[in-house]
Amino acid sequence: MAVQTIECKTTTIEKVIVFTDRAEIRRNVPLKLEIGMNEINIINLPNEVVDDSVRISGTGNASIHEVQVAWKEATKKEKDCSQAADLRVKLEAAERERDLLKNRRKIIQKKREALDALIGKLGNTENARGLQFNGDTFEGIANLFEYYEKQVLQFNDFDGSLEKEEKDAQERVDVIRKDLNRYEFSGSVRTVTVILESPEATDAHLNLSYQVYNAGWRPSYDIRVDTGKENHMNITYSGRVTQNSGEEWSGCQLVLSTAKPSVGGNIPELGTLDVSLYVKPCEPPIQPYGGGLYGAPGAAQSYSMRQMSLGGRKEKNLNVVTATVHEQALSSEFAIARPAAIPPDGAEHKVTIGAASFQPNLQHECVPSKNNNVYLIGSTRNSSSLPFLPGEAAIFLDGNFITKSQLKAVSPGEYFTVSLGQDASIKVDYKPAHNKQGEAGLINKNNTQVKEQKVIVKNTRKEKVKVTIKEHVPRSTDEKIKVRLLSPTPAPLQHIPEDK
């Protein structure tokens, strides 16, 4: 049997489908098959591979007999992606430079210790007994002391300079090691073994797909509203992709999917809902001496009923390259226009999904019972083919950043609103409520309570604006309590045509 061993990271990633909590990697593995049985070992798949997600298919004149997935221990270098391999080379060079500086400092320390030992021998009385002290002797000692002072000062200066260089080298080592830790992943790796049979020596291709954890994406939006003769709302739809799977996604097609593989696909069982009469709990008999047998507290049974609640010169704007939207049966996929470049660093990488332009209806709204702030609200219909997912939105009004908000889920063709920030030029004064109580009826007396709430709105703008005041109208949960709005008279509901 012919055996081939292929490093997984040397194969080509053709496509990456990113879900919200994982990603699916699709690789192309070229093969050169021999006549008969061939064993293909694809080694060093990342540790983050999802169980039972490995799939093998292929093209060529061969038949797949068996596919096995097994765990395998591997060294760090075997698991390195390209960024990790480059950083490891830089780390080794930085560590060599740091160690060289350490050794040079040790040599200087040895020289200084040897010179100190020489001066120490001169001060030893036993060693000085045989010396004849004369002018030459004193001159020699003076020269020695001068040499000692000069050398010690030189050693100290040199050691101080090397100490600073060593600290700088250690900082470079720490920075590189910190970057390397972002790309390394611990644990075992996986090996895929494929048994193929070929009737001839030929070329073939395997399609390897698997899912990995530590990857995902979230939507984000830039919403820019320009006011003037005509109101315009431009929404730039982006995806923020993160991954720390140990593999680099480079030069491949990137697809963002709204599917959620982690959510179960089985419909829940409805079960049986039982209805029974409520049984009033029996009161325990009065026990003498305040207890049960021999003064112990009496045991009483209690019953409960389960409750169910229902519930000037205009410059041309730059074009935005958008993704291609593919509608699936239960999800949508956004094929990003440019090839992916997502390293396994755990950081967010922004890719453009698309852009849409609308003509919103702008109005002001206020909920004075909560606060007196008046907000500018833009409402429109999603006339694009992009389904908007819940996500963070940066709001810009007339070119100025206003605030950050949350955009709710919006399907194509659905109406939605966007809060564009507070308008301080409109003042709202929420007066204290005035309550009146009384009785009505001759035979059957009915208690009445009238609540009068006054809201004063002041517009400091030069033009007129439409302000919607939102206030609670109580809802009765008892048929004996009737609620009626006396003023203002509520307007009838209006149907909004689909093409508006």
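Side notes on the structure shown:
- By the rule of a C-alpha distance below 19 Å, with chain neighbours fewer than 8 residues away ignored, the aspartates and glutamates paired with Lys480 are Glu439.
- Projecting label points 7 angstrom from Cα along Cα→Cβ for Glu392 and Lys106 puts them 5.0 nm apart.
- The peptide list 454-462, 473-481, 341-349, put in order of mean Cβ contacts within 10 Å with the highest first, becomes 341-349, 454-462, 473-481.
- Above-threshold pairs, the threshold being 29 Å between Cα atoms, out of Lys72/Lys102; Lys15/Lys350; Lys110/Lys178: Lys72/Lys102; Lys110/Lys178
- In this rough spin-label picture, where each label sits 7 Å from Cα along the Cβ direction, the Asp345-Asn373 distance is 3.5 nm.
- Remark: the range 164-171, residue by residue, has Karplus-estimated 3J(HN,Hα) of 5, 5, 5, 4, 4, 5, 5, 5 Hz, where x stands for each Gly or Pro and the curve is 6.51 cos²θ - 1.76 cosθ + 1.60 at θ = phi - 60°.
- The simple Förster model, with R0 at 45 Å and r as the Cβ-Cβ distance, assigns Trp71 and Lys408 a FRET efficiency of 0.55.
- Sequence-distant residues sharing a close amide H with Trp249 (under 5 Å, placed H): Ile342
- Cβ-based exposure ranking for Glu327, Glu333, in which fewest neighbours within 10 Å come first: Glu327, Glu333
- Amide H partners (placed H, <5 Å) of Gly58, local residues excluded: Asn207
- Amide H contacts under 5 Å for Ile6: Asn41, Ile42, Ile43, restricted to partners 5 or more places along the chain or on a different chain, H placed in the peptide plane at 1.01 Å from N.
- Karplus-derived 3J(HN,Hα), 6.51/-1.76/1.60, for each residue of the range 30-47, Hz, glycine and proline x: x, 10, 10, 8, 9, 5, x, 7, 10, 10, 10, 10, 9, 9, 6, 5, x, 5
- Virtual paramagnetic centre 7 Å along Cα→Cβ of Glu165, amide N under 15 Å, in the range 80-117: 94-109
- Spin-label pair Asn61/Ala440, simplified geometry with 7 Å Cα→Cβ offset, distance in nm: 9.5 nm
- Evaluating 6.51 cos²θ - 1.76 cosθ + 1.60 at θ = phi - 60° for every residue in the range 449-456, the Karplus couplings come out as 9, 10, 10, 10, 10, 9, 10, 9 Hz, glycine and proline recorded as x.
- Annotation: lysines with alpha-carbon distance below 16 angstrom to Lys454 (same-chain offsets under eight excluded): Lys370, Lys427, Lys431, Lys436, Lys470.
- When the range 159-260 is described by a simple charge dipole with +1 on each Lys and Arg Cβ and -1 on each Asp and Glu Cβ, the residue from Thr227, Ile195, Ser238 located farthest towards its positive end is Thr227.
We did not get these values from a lab; they are worked out from the coordinates using the rules stated. Keep in mind that what you see is a predicted model, and the values were worked out from it rather than measured. For neighbour counting, all protein chains shown are included, and Cβ atoms are generated from backbone atoms with ideal geometry for every residue, glycine included.
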